[in-house]
Amino acid sequence: MKLFNPKIRQKFAESLKAVLPVVGIVIILSFTIAPITSSILLCFLVGAVMVMAGMMFFTLGAEMSMTPMGEKVGARMTQSKNILLIVVLSFLLGVVITISEPDLQVLATQVPSVPNMTLILAVAVGVGIFLVIALLRMLIGVALPPLLTFFYIVVFVLAFFVPENFRAVAFDSGGVTTGPMTVPFIMALGVGISAIRNDKHAENDSFGLVALCSIGPVLAVLLLGLVYPAQGSYVAADVPEAFNSVELGRLFLSEIPYYLKEIAGSLLPIVFFFGIFQLVSIQLHKKTLIKICVGLLYTYVGLVLFLTGANVGFIPAGNYLGTVMASLPCPWILVPVGMVIGYFIVKAEPAVYVLMKQVEELTDGEISGKAMQISLSVGVAASVGLSMLRVLTGIPIMYFLIPGYAIALFLTLFVPKIFTAIAFDSGGVSSGPMTATFLLPLAQGACTAVGGDVVKDAFGVVAMVAMTPLITLQVLGL
């Protein structure tokens, strides 16, 4: 495959359109109302280049490898017609893919209340259980809205018995779990399973897996909050210092080996799982296998570049910008600025492109990716504005989540089923690594500056970003 073929050029153009608006906003802010050090600005700009390159390779790789792998595994699991086998394999797949999810790793390092691995394992088990529920729903043909209503009632009832510092983290966990690693595989799994069914609702039921898999982590972390003593305190991200170009290069180069190892560890369980399926059951042609292997290489390179750029360049810049703007004479500027950043930042989420492409393909273009993207951008802009309002006022997150989810669930009564499933899937894909590495640090920096409680007031940004698309996309459906 040629390195500069039309497909790669198309993906590069998409990533450029996605990331450049965020870069432009940060540069305008840094030269006007929110001055930042030249070291942080340079780190951010180098990080932005890496994020763009990473997005390009990741989205291409996901199309070539993760999507066909998920479809083949899903179809083969269903063809076995062994319910016990489907349940066990679905649970294992959910756990393995979630532990692989880079967004979850990013969030876990920022949560002071729980050890990293404890949080990651709790979330992974939650996803595993709910992936089983989601796949059984598809096989049996149960409607999605009643299931969502039931589980969200359970979630909100349970939330009232959990310490407040666990609530925002729990809902954030639901958002970050469905990111660039999980979404392509789980959505393709749904397509593979629905292909076995011949009824008229099979296509609609291929969506909704991400929606249900987003609930599992929330329940798991809330249950963790009931038994786990809260401990530790929030520690702000280190501000990078680079006094010359050599030191700037070292900042990034020193982190690349860590992410090479991290993403290898993330991808290997999925490759191993697929390898067993290939040997035992699927037995794809050599040409198809080579294409999948090349796609996995692109995915690997893309995620390493993306996460290195986002973590080294974006987290410190977001944190510092939030601190500076919250320290201004009029800290309320954070609300409109946050809304503008939110409008554009969702376009930089890798998983959003995977969902949009799948929606366009399965609906034969009846639901356009452009209309979806605008709806998502409007929803995320509103959620980030409300999140900044929370940071400045200290309003508890449940005051926003309860009415928000109530409206979203009420809309399911009037909206076509496919829009409900796509809307609830969109909530999961909107809150990916860009939210965890830029918007969450922005809120944390602002919260520190105004003297708020970071765990209660700043965490919850991801949860808010995951909630508002449920409303805006269903309104689009109406």
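The values are calculated or read from the model by the stated rules, or taken from the named source; none is laboratory data. This one's a predicted model, so the numbers in the text were calculated from it and none came from an experiment. All Cβ positions, glycine included, derive from the backbone under ideal geometry; neighbour counts span all protein chains shown. Note: areas computed on protein heavy atoms with side chains; ligands, DNA, RNA excluded. Shrake-Rupley method; radii C 1.70, N 1.55, O 1.52, S 1.80 Å.
Descriptive notes on the structure:
- Residue count, the stretch 400-421 (criterion: at pLDDT below 90 and either small (G, A, S) or under 15 Å from the mean Cα position of the chain (by Cα) (or both)): 1
- Beta carbons closer than 7 Å, at least 6 apart along the sequence or on distinct chains, pair a first residue in the stretch 339-363 that is on the phi < 0 side of the Ramachandran plot and part of a helix (DSSP H, G or I) with a second that is acidic (D, E) and open to solvent by less than 10 Å² (accessible area, probe 1.4 Å) for L355/D425.
- The set of residues from the stretch 266-290 being surrounded by fewer than 15 Cβ atoms within 10 Å (Cβ to Cβ) and in contact (Cβ under 8 Å) with a residue 12 or more places away in the chain comprises S281, T288.
- Any pair with Cβ under 9 angstrom, 6 or more apart, that starts in the stretch 422-449 at a residue that is open to solvent by 10 Å² or more (accessible area, probe 1.4 Å) and ends at one that is not in a helix (DSSP H, G or I): T448/Y234; T448/A236; A449/S327
- From the list V312, V294, V324, the one residue that fits, being open to solvent by 10 Å² or more (accessible area, probe 1.4 Å), touching a Phe, Trp or Tyr at 6+ places or on another chain (Cβ under 7 Å) and touching a residue at least 60 places away in the same chain (Cβ under 8 Å), is V312.
- Scanning the stretch 96-122 for residues that are under 16 Å from the mean Cα position of the chain (by Cα), open to solvent by 30 Å² or more (accessible area, probe 1.4 Å) and either modelled with pLDDT of 75 or more or among the basic types (K, R) (or both) yields one hit, I99.
- Residue ID - modelled with the lowest pLDDT, chosen from residues in the stretch 167-190 that are hydroxyl-bearing (S, T, Y) and either farther than 22 Å from L89 by Cβ or part of a helix (DSSP H, G or I) (or both): T182
- Residues that are assigned to a helix (DSSP H, G or I), of a type in the set (S, T, N, Q) and modelled with pLDDT of 85 or more, drawn from the stretch 289-327: T299, T308, N319, T323
- With respect to the conditions (1) out of contact with any Asp or Glu (no Cβ under 7 Å at 6 or more places or on another chain); (2) crowded, with 23+ Cβ neighbours inside 10 Å, V337 falls short on a single one, namely (2).
- Any hit, the stretch 356-363, residues being open to solvent by less than 10 Å² (accessible area, probe 1.4 Å), modelled with pLDDT of 90 or more and over 17 Å from the mean Cα position of the chain (by Cα): no
- Hits in the stretch 409-421 - residues which are touching a residue at least 60 places away in the same chain (Cβ under 8 Å) and of a type outside the set (S, T, Y): L409, L411, L413, F414, V415, P416, K417, I418, A421
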